[in-house]
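A short write-up of the structure that comes next.
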Amino acid sequence: MDDDSSTPATSTAISLPAELCAAVGQVLREGESLEDFALQAIRSAIEARRRSDCAFYARGDAAWAEYQRTGVSIPAADVFAEVHARIELRRQQLQS
């Protein structure tokens, strides 16, 4: 397991519901502790959030650059109408 010894450790107690604790117990690898699993899950979640945030900002920057280049934009009312139509379609799909 990667251990970043350059920063001091902080002890945090987390209460897990019994079913979640049992599920974790079923996926632990040989020699892996609950703490190892939790630390890896937290690291993975942080990296995924960072990647998602970076991708979001990159799309925004690209859209802004395209607008500056072309001057073409989509009115907010059109965007909202499209979003609401997608939500309604998904709602209908889930009710079927």
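The values are calculated or read from the model by the stated rules, or taken from the named source; none is laboratory data. As the structure is a computational prediction, the values presented were derived from the model and not from experiment. Positions of Cβ are backbone-derived with ideal geometry, glycine not excepted, and every protein chain shown enters the neighbour counts.
Observations on the structure shown:
- Residue 24 of a type in the set (Val, Ile, Thr) and modelled with pLDDT of 95 or more: no
- So residue 66, is it free of Cβ contacts under 8 Å to residues at least 40 places away in the same chain, of a type in the set (D, E, K, R), loosely packed, with under 10 Cβ neighbours inside 10 Å and not in a loop (DSSP other than H, G, I, E, B): no
- Contact map, region 29-46: first residue over 21 Å from residue 15 (Cβ atoms), second residue of a type outside the set (Lys, Arg) and surrounded by 10 or more Cβ atoms within 10 Å (Cβ to Cβ), Cβ cut-off under 7 Å, separation 6 or more or different chains; the map is empty.
- Qualifying residue in region 11-20 (condition: in a loop (DSSP other than H, G, I, E, B) and touching a residue at least 12 places away in the same chain (Cβ under 8 Å)): yes
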